[in-house]
Amino acid sequence: MSLPRAASPGTARPIAARALVLLALATLLGVALPSLLAPAGTASAASYRFWGYYQLTGSTWAFATKGPADTTPKDGAVEGWRFAVGDETSSRFPRATLTFQDICGATPAKAGSKRVGVVIDAGRPADAEKGATPPAPVAECAVVDAKASGAEVLSAVASVRADKGLTCAINGYPATGCGGEVKQVPAAAKAADPPVAIPVKADASASPSASASPSAAPADAAAAGTSSQQGSGVSTGTWVGIVVVLAVLALVAVAALRRRRA
């Protein structure tokens, strides 16, 4: 096996000359010499448009370390979902921090079930694709089986379109696609998130209106029955009075007839 030949002494001068030329060009163009010598086109992290999955830890959102199907939130937990453009080095959290009390405080506990707060934030128009309008963010309390996974918790309060374990759409948004790559990230999508108010969807089971309506119906029926009875009583009394008057008149007529004959 032959060894590589050593560079001849004469090669040092052309290399040095080339370095001087690059240094001169760098000085004229105002750029650093390493940028001229470095290979062109250093790749940057790819960006995607996707639903991110988060958990509330204390008062701070944190990116979930496992997928929703492999996560079992506890009773009293708060789960977050946010649609945005991002890469593996950045996270777009839900734009408001809501506590378990904020979301599930009005929902009564049930034996064998757990309550989990869910925040769904579809993001900004800048995060949308092809001018789509994202739906307004919302929070809701999920009452599910005590062993339910994060995916089952989400499905309890929203419709979900998934593909191969990836959450593609929540409540029909986006209408198409699933975690597509974004070649050029708009500047608006890179901008910081302004905070927003996220309303909590009311829990129908906690509303007293459902039990108030049935109790009102019997009361109305009883009142109607009383009114009907009162109406029939007045009518009967009137007829009795008429009969009495007629009887008295008959007696008076008979007495008058007897006097005439006498």
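This table checks each residue for (1) in contact with a Phe, Trp or Tyr (Cβ under 8 Å, 6 or more places away or on another chain); (2) modelled with pLDDT of 95 or more.
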position	(1), (2)
Gly105	no, yes
Lys114	no, yes
Ala156	no, yes
Pro174	yes, yes
Pro186	no, no
Fill in the blank from the handout: Note on the range 144-180: residues in contact (Cβ under 8 Å) with a residue 60 or more places away in the chain and open to solvent by 50 Å² or more (accessible area, probe 1.4 Å) are Ala146, Lys147, Gly165, Leu166
Fill in the blank from the handout: Quick count over the range 122-142, residues being surrounded by 14 or more Cβ atoms within 10 Å (Cβ to Cβ), over 15 Å from the mean Cα position of the chain (by Cα) and among the acidic types (Asp, Glu), is 1
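Out of all the residues in the range 78-91, is one or more touching a strand residue (DSSP E or B) at 6+ places or on another chain (Cβ under 6 Å), open to solvent by 40 Å² or more (accessible area, probe 1.4 Å) and of a type in the set (Ser, Thr, Tyr)? Give the derivation first.
Initial filter on the range 78-91 (touching a strand residue (DSSP E or B) at 6+ places or on another chain (Cβ under 6 Å)): 78-83, 85, 87, 91.
Of the ones still in play, those that are also open to solvent by 40 Å² or more (accessible area, probe 1.4 Å) are 91.
Subset that is of a type in the set (Ser, Thr, Tyr): 91.
Yes, there is a match, as at least one residue in the range 78-91 is touching a strand residue (DSSP E or B) at 6+ places or on another chain (Cβ under 6 Å), open to solvent by 40 Å² or more (accessible area, probe 1.4 Å) and of a type in the set (Ser, Thr, Tyr).
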Fill in the blank from the handout: Scanning the range 89-144 for residues that are assigned to a strand (DSSP E or B) and of a type in the set (Gly, Ala, Ser) gives Ser113, Gly117, Ala139, Ala142
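Within the range 183-196, is there a residue that is closer than 20 Å to Pro73 by Cβ, open to solvent by less than 60 Å² (accessible area, probe 1.4 Å) and assigned to a loop (DSSP other than H, G, I, E, B)?
There is no residue in the range 183-196 that is closer than 20 Å to Pro73 by Cβ, open to solvent by less than 60 Å² (accessible area, probe 1.4 Å) and assigned to a loop (DSSP other than H, G, I, E, B).
Kindly indicate which of Thr97, Thr65 is under 20 Å from Pro194 (Cα atoms) and either open to solvent by 60 Å² or more (accessible area, probe 1.4 Å) or not polar (S, T, N, Q) (or both).
On the way: Thr65 fails: under 20 Å from Pro194 (Cα atoms).
Exactly one residue qualifies, and that residue is Thr97.
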Problem - Tally of residues being farther than 20 Å from Ser149 by Cα and touching a Cys at 6+ places or on another chain (Cβ under 8 Å) across the range 51-99 - result: 0
Exercise for the section: Only residues that are of a type in the set (Val, Ile, Thr) and either modelled with pLDDT of 95 or more or part of a strand (DSSP E or B) (or both): list them for the range 50-88, please. Expected result: Thr57, Thr60, Thr71, Thr72, Val78, Val85
Handout entry: Failed criterion for Val119 (all others in (1) touching a strand residue (DSSP E or B) at 6+ places or on another chain (Cβ under 9 Å); (2) at pLDDT 95 or above; (3) open to solvent by 20 Å² or more (accessible area, probe 1.4 Å) hold)
Key = (3)
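The values are calculated or read from the model by the stated rules, or taken from the named source; none is laboratory data. Given the structure is predicted, the values throughout are model-derived calculations rather than measurements. When we count neighbours, we look across all protein chains shown, and the Cβ atoms used for this are built from the backbone with ideal geometry, even at glycine. We work out accessible area using only protein heavy atoms, side chains counted, and drop any ligands, DNA or RNA first. Shrake-Rupley method; radii C 1.70, N 1.55, O 1.52, S 1.80 Å.
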